[in-house]
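A short reminder: the numbers here are calculations on the coordinates, not readings from a lab. What you see is a predicted model; the values in this text were computed from it and never measured. Cβ placement follows ideal geometry from the backbone for every residue including glycine, while neighbour counts extend to all protein chains displayed.
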Amino acid sequence: MAIKLKHRDTYSTWFVTFTCAEWIPLFEITNSYDLVYQWFGILKERYYADTLAYVIMPNHLHVIFHFQKEGFNFNSIVGNSKRFMAYEIINRLEGSGNTALLQQLKNLVTIRESKKGQLHKVFIDSFDAKPIFTQPFLMQKINYIHLNPVSGKWMLAKDFTAYEHSSASFYELQLVQHFRPMHYMDF
């Protein structure tokens, strides 16, 4: 029997990843990068969460959050965010008349999910979340995030600092002081 893990709110810094269903580039197809930026703003406003580093890829995202206060339900925050992004992505697909992709996402819904009222599968159900306790682990994850657009098959930019949907340029070019992780964290 699989054990369902709950992410504790006492860990204040998290590396989070979630992925579109079947790795379909839904953020790119629907130009939904703005939905992720809106989510960052909501997390800042409601949960006092700073976005320390991020990359929004065409079909997944990686982000490091630092929560300044305890008492949040991390699973609910990510789950609700995925659900609201999914609704908007479906609205954008409907608005563009992309019936083939809508049908593909509909076909991915399981019988159990359908009984709960789910019509389309936009994201993989689970998400990856790792608490960050040390500066070396933080730096490893920041480097991973920032190099993702130019790693492996991606090559989304000539230089990792040039990828538009990443915090890499803030770190490498020191354009914005508040994106420096040690400002928020003292290991």
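Data table
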{"item": "5 Å-binned pair-distance histogram of the stretch 119-175 (Cα, whole percent)", "result": "4, 16, 19, 18, 19, 14, 6, 2, 1"}
{"item": "Label point distance in nm, residue 114-residue 44, each placed 7 Å from Cα along Cα→Cβ", "result": "4.2 nm"}
{"item": "Neighbour-count order for 13, 161, 99, fewest beta carbons within 10 angstrom listed first", "result": "99, 161, 13"}
{"item": "FRET efficiency for residue 134 and residue 73, using Cβ-Cβ distance with R0 set to 35 Å, rounded to 0.05", "result": "0.90"}
{"item": "Range in the chain, longest, excluding exposed GluC sites (Glu not before Pro) [loop by DSSP; at most 11 other beta-carbon atoms within 10 Å]", "result": "71-163"}
{"item": "Pairwise label distance in nanometres, residue 91 with residue 23, each label 7 Å out on the Cα-Cβ vector", "result": "3.0 nm"}
{"item": "Given (i) 85, 41, 35; (ii) 39, 38, 38; (iii) 47, 41, 32, the label whose value is Cα extents along the principal axes in Å derived from this model", "result": "(iii)"}
{"item": "The stretch 8-85: trypsin sites (Lys or Arg not before Pro) falling in loop per DSSP and having at most 13 other Cβ within 10 Å", "result": "8, 69"}
{"item": "Efficiency of FRET from Cβ geometry, residue 37 and residue 151, R₀ 30 Å, rounded to 0.05", "result": "0.85"}
